[in-house]
Amino acid sequence: MRIGLPLLLFFFSITSCSLNAEQERNLNKSIIKYLFSVNRELKLSISAATHPLILRELKEESDEKLKAYLKPKHHIWTDAIIGKSKIKGQIFHIELKVALISKESYEKAPKRIRLYAISEDNGKNWYFVDYKIYESNHCKKFNRLLKW
């Protein structure tokens with residue numbers, strides 16, 4: 001029951017962002033895989049799911065910045081729900097709001113964090129960008145469709 005309601009809410013919320021069934025399925029699979037990778041601290045999988053422009057920019061700045069981006073989180077990421085979305089041609093930018101649960105106390109954090117899902121091939125493949133980077137001017141080459 002505890003997992004069923006969030007999943008149900010996720011599926012209802014994902015249908016409101018103008019994606020077709022295949023795009024929804026691809027996004028859902030990518031979100032599940034990304035959250036699993038973050039929670040299991042699988043750095044290679046996190047890197048593979050992070051937008052390449054962001055990774056390249058972090059690497060060019062320093063190895064330490066890239067390592068900091070990929071470092072283990074202090075929370076379990078769960079229950080991603082759709083926020084704002086913007087579609088421009090074959091490019092999709094979707095804001096996800098992710099619930100956090102403390103790894104130490106297993107208490108749910110009062111606020112969700114934002115994570116951005118990006119597809120540049122009409123929803124076939126999805127990349128993710130942390131809200132701190134998406135909402136900053138960190139990577140000048142990265143085109144942001146959503147305004148916060």
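Some notes on this structure:
Rundown of residues vs (1) surrounded by 12 or more Cβ atoms within 10 Å (Cβ to Cβ); (2) under 26 Å from residue 18 (Cα atoms); (3) at pLDDT 95 or above, yes/no style:
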site: 53; (1), (2), (3): yes, yes, no
site: 62; (1), (2), (3): no, no, no
site: 88; (1), (2), (3): no, yes, no
site: 97; (1), (2), (3): yes, yes, yes
site: 103; (1), (2), (3): yes, no, no
site: 125; (1), (2), (3): yes, yes, yes
site: 144; (1), (2), (3): yes, yes, no
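- With respect to (1) under 20 Å from residue 114 (Cβ atoms); (2) at pLDDT 95 or above, the lone exception for residue 29 is condition (1).
- Across segment 46-68, the number of residues qualifying as within 13 Å of the chain's Cα centre (by Cα) and not β-branched (Val, Ile, Thr) comes to 4.
- Residue-level check: of (1) assigned to a helix (DSSP H, G or I); (2) under 28 Å from residue 23 (Cβ atoms); (3) modelled with pLDDT of 90 or more, residue 57 misses just (3).
- In segment 100-136, the residues that are closer than 18 Å to residue 37 by Cα and more than 12 Å from the chain's Cα centre (by Cα): 100, 101, 102, 103, 125
- So residue 45, is it surrounded by 13 or more Cβ atoms within 10 Å (Cβ to Cβ) and modelled with pLDDT of 90 or more: yes
The values are calculated or read from the model by the stated rules, or taken from the named source; none is laboratory data. Every value quoted in this text rests on a predicted model; they were computed, and no experiment measured them. Glycine also receives a Cβ, built like all others from the backbone with ideal geometry; neighbour counts cover every protein chain displayed.
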